[in-house]
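Asks: Please read through the structure below; I'll follow up with questions.
The values are calculated or read from the model by the stated rules, or taken from the named source; none is laboratory data. Since we're looking at a predicted model, the values are computed, not measured. Cβ placement follows ideal geometry from the backbone for every residue including glycine, while neighbour counts extend to all protein chains displayed.
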Amino acid sequence: MAFTDKYDFDLLKNEAETLVLHELERQLETHDETVCRCNECVVDMAAVALNTVKPLYRFSLLGSLYAAQAMNQQAYANGVQKAVAQAIEKVRKNPSHD
Ligand SMILES: [Zn+2]
């Protein structure tokens, strides 16, 4: 039996993804149409931001308790905010299409 079949890794969840997507949605609302909202650009923004922030994996059965203990939440939220702002700017200047 394969290792990945033996254990249920679907229980792993990167909390950073939820936070980044939420922040991306919020920040895009404040930008005008010079920022492209096509699927390619928006997913690219999410990827750029997620590669900047520290991953925040948790074992979903344990809830957010572990995550809350493991980090300074405010500092992390600030990091997410900054990473998303930089990602939007990067993709705006250099979209992955013409
Ligand atoms: Zn685009």
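Asks: Please state which of the following conditions Ala16 fails to meet, knowing it meets all the rest: (1) under 10 Å from Ile88 (Cβ atoms); (2) in a helix (DSSP H, G or I).
Replies: Here Ala16 clears every test but (1).
Asks: Restricting to the stretch 61-98, give me the number of residues that are loosely packed, with under 12 Cβ neighbours inside 10 Å, at pLDDT 90 or above and assigned to a loop (DSSP other than H, G, I, E, B).
Replies: Result for the stretch 61-98: 2.
Asks: Could I ask something else about it? Could you give every pair whose Cβ atoms fall below 6 Å, whose first residue belongs to the stretch 46-58 and is surrounded by 17 or more Cβ atoms within 10 Å (Cβ to Cβ), and whose second residue is not in a helix (DSSP H, G or I), counting only separations of at least 6 or pairs across chains?
Replies: Sorted first by the residue in the stretch 46-58, then by its partner, the pairs are Arg58/Lys13.
Asks: Continuing with this model, one more query. Can you work out which of the residues in the stretch 29-60 that are in a helix (DSSP H, G or I) and within 12 Å of the ligand (Cβ to nearest atom) is nearest to Gly79 (Cα to Cα)?
Replies: By that ranking, first place goes to Met45.
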